[in-house]
Amino acid sequence: MRALDYAIREGWASLWRSRGSGAFAVLAIALAMIVLGALLLTTWNVERLLAQWSSAAEFSVYLQDDASSEQRGAIEALIDRSGVIAGRQYVSKADAFGRFRREFADLASLTEDFEDNPFPASVEVRVRPEAQEDGRADALVRRVASLPGVADVRYDREWLARLASGLSAVRGAGFGLAVVMALAAAVTVASVVRLGLNARRDELEIMQLVGSPIAFIRGPFVAEGVLQGGFGALVALGLLWLGLMAAGGWWGNELSLFLEGGSLQFLPARLCASLVAGGMAVGGLGGFAASRYAV
Amino acid sequence: MIETHHLSKLYSRGLYALRDLTITIGKGEFVFLTGPSGAGKSTFLRLLLLQERPSEGEVFVNGHDLSTLSRREIQEYRRSVGFVFQDFKLIPTRNVFENISFVPEVLGLPQAQRRRKAFQVLKWVGLQHRMNAYPRDLSGGEQQRIAIARAVASDPTLLLADEPTGNLDPDLSLEVMNLLREINAGGTTVLVATHDRELIRLVGRRTITLDQGKVVEVA
């Protein structure tokens, strides 16, 4: 405990003494943590939205223009009997046309030249979450698609799956980049700590000669790296928060439209804490590597 | 206290710093180690501080064979040895009080105890009024007295001093020697390496003379 107390005090004092070069190490860690933090911010928000969209997933059954009322009735009966739906709504051709003009007001003028209504009638079906998980919704979609009078069936789940797959790829690439940057940051920390170490050669020699335990000799350098890492991660979190606020200010309306009324959120406390802990671990690793030269 | 048997230290290119040295220094003795530059005085002290390992022979301190000590045992051993160097080796970024109190601190003493100890040794060397000064603000004599205070802060059983008066004028040298004599009077074995014959004459203690790594005289 005394060694830990000593390490933190001396690490802090050393960081303050070499604050010029220490700022480089903090910056290097902050850059690595910004990459990792931006990745976490993106994936966390996308995952949150995916979960939200998945829980409200629906499929649309587009009817042929010449579909008879019997065919439509057979389609709706099959959907109702399936036991996998949370609700359904028939959207007529006129309703679809009106919805387009409302939701895409900028493009509404284009529709004035239409001779006929080009929008098909459809049945919009909201699917129960458990039916998505166990595959019953997929089976229903396949059966409905084969019924007479059906022009096409669009199921949200397909693009959600594609989005989830793309997210995994982004996460993998981003994580790889963050690891490389974290290693580079650890090397920077090690170099900065080693500079301070060389300036304290006399002190280290005396510590060895008086029989200091290794923890007292190496501890302050590890602590210095941990502190640099912690500060770097805090700087990164601050910049990410500012970036998110700025993005919200500049593109708030567009984002809200794209996210269907939702908004981007900052990382939850547990991820912020993980990021700070990660920064401290990277810094500590650099400090530990440098401290090998102390004895 | 200190026994060496056929102790040799061979550096590269076949140069012996010490050759076949057999010496005995009793517990509580005050001994001078003298000889010309390059005689092997500092090498002998470095071997006793385990900064170097002997090439041949054995060194026993308090009955422990120094060549067989593990890393942890070396730490333990060094806690019982105080040292004073010609260039003082004070830490420039710490004030006088911190220079002294950090020794008991790294040895794990509680804060109140190490503060008491630091103040006690500072008072003993007569520099308690300079406790907040930094080494750069002190004279050579003051710096060496601080170095001596630091050396005794861990209550060593053996004190090694390598040319402790090399950077001091005769009056200050005698003052430093008086401090070392006081430490010795408390029961600590003191071994002083110096080439200052006049100082040895004034203090008048057993003297081992080395030349080219060999003992040439014990008086």
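The values are calculated or read from the model by the stated rules, or taken from the named source; none is laboratory data. This one's a predicted model, so the numbers in the text were calculated from it and none came from an experiment. As a convention, Cβ positions derive from the backbone with ideal geometry for all residues, glycine included, and neighbour counts pool all protein chains shown.
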Any idea which of (1) in contact with a Gly (Cβ under 6 Å, 6 or more places away or on another chain); (2) under 30 Å from A:Gly166 (Cβ atoms) is the one A:Ser18 doesn't satisfy?
(2)
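Every residue, every condition in (1) assigned to a strand (DSSP E or B); (2) over 21 Å from A:Leu167 (Cα atoms), yes or no:
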position	(1), (2)
A:Ala38	no, no
A:Asn45	no, no
A:Arg48	no, no
A:Gln52	no, no
A:Ser60	yes, yes
A:Arg72	no, yes
A:Glu76	no, yes
With A:Gln132, A:Gln89 as the choices, which residue is over 30 Å from A:Ala30 (Cβ atoms) and modelled with pLDDT of 90 or more?
A:Gln89
A:Ala178: loosely packed, with under 12 Cβ neighbours inside 10 Å, outside the structural domain of A:Ile79 (by TED's automatic domain parsing) and of a type in the set (A, V, I, L, M, F, W, C), yes or no?
no
Please count how many residues of segment A:221-253 are modelled with pLDDT under 90 and under 19 Å from the mean Cα position of the chain (by Cα).
7
Within segment A:1-19, how many residues are closer than 16 Å to A:Arg200 by Cβ and in a helix (DSSP H, G or I)?
12
Pairs please, first residue from segment A:58-72 and at negative phi, second anywhere and assigned to a strand (DSSP E or B) and among the small types (Gly, Ala, Ser), Cβ atoms under 7 Å, 6+ apart in sequence or on different chains.
A:Ser60/A:Ser122; A:Val61/A:Ser122; A:Tyr62/A:Ser122; A:Tyr62/A:Ala151; A:Leu63/A:Ser122; A:Leu63/A:Ala151; A:Gln64/A:Ala151
Here the residues within segment A:254-270 that are in a helix (DSSP H, G or I) and at pLDDT below 90 are A:Glu254, A:Leu255, A:Ser256, A:Leu257, A:Phe258
Taking A:Glu124, is it assigned by TED's automatic domain parsing to the domain that holds A:Ala281, under 37 Å from the mean Cα position of the chain (by Cα) and charged (D, E, K, R)?
no
Considering residues that are closer than 21 Å to A:Glu254 by Cβ and either modelled with pLDDT under 80 or among the β-branched types (Val, Ile, Thr) (or both), the number found within segment A:95-109 is 6
Candidates A:Gly196, A:Gly172, A:Gly176, A:Gly149 - the one that is within 14 Å of chain B (Cβ to nearest Cβ), out of contact with any Phe, Trp or Tyr (no Cβ under 7 Å at 6 or more places or on another chain) and more than 30 Å from B:Pro156 (Cα to Cα)
A:Gly196
Restricting the search to segment B:1-20, which residues are over 14 Å from B:Thr43 (Cα atoms) and of a type in the set (Lys, Arg)?
B:Arg13
Hits in segment A:14-46 - residues which are of a type in the set (Gly, Ala, Ser) and either without any contact (Cβ under 8 Å) to a residue 60 or more places away in the chain or over 20 Å from A:Ala190 (Cα atoms) (or both)
A:Gly20, A:Ala23, A:Gly37, A:Ala38
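So that you can scan it fast, the table gives a plain yes or no per residue for (1) under 30 Å from A:Ala145 (Cβ atoms); (2) over 28 Å from the mean Cα position of the chain (by Cα); (3) modelled with pLDDT of 80 or more; (4) crowded, with 16+ Cβ neighbours inside 10 Å:
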{"residue": "A:Ala13", "(1), (2), (3), (4)": "no, yes, yes, no"}
{"residue": "A:Gly20", "(1), (2), (3), (4)": "no, yes, yes, no"}
{"residue": "A:Leu31", "(1), (2), (3), (4)": "no, no, yes, yes"}
{"residue": "A:Asn45", "(1), (2), (3), (4)": "no, no, yes, yes"}
{"residue": "A:Glu58", "(1), (2), (3), (4)": "yes, no, yes, yes"}
{"residue": "A:Tyr62", "(1), (2), (3), (4)": "yes, yes, yes, yes"}
{"residue": "A:Glu70", "(1), (2), (3), (4)": "yes, yes, yes, no"}
{"residue": "A:Gly73", "(1), (2), (3), (4)": "yes, yes, yes, no"}
{"residue": "A:Ile79", "(1), (2), (3), (4)": "yes, yes, yes, yes"}
Just give me the residues in segment B:52-66 being surrounded by 14 or more Cβ atoms within 10 Å (Cβ to Cβ) and either without any contact (Cβ under 8 Å) to a residue 40 or more places away in the chain or touching a strand residue (DSSP E or B) at 6+ places or on another chain (Cβ under 6 Å) (or both), in sequence order.
B:Pro54, B:Ser55, B:Glu56, B:Gly57, B:Glu58, B:Val59, B:Phe60, B:Val61, B:His64, B:Leu66
Among (1) closer than 23 Å to A:Trp12 by Cβ; (2) assigned to a helix (DSSP H, G or I); (3) not aliphatic (A, V, I, L, M), which single condition is A:Ser212 missing?
(2)
Residue in segment B:19-35 that is in a helix (DSSP H, G or I), away from every other protein chain (no Cβ under 14 Å), at negative phi and surrounded by fewer than 16 Cβ atoms within 10 Å (Cβ to Cβ) present:
no
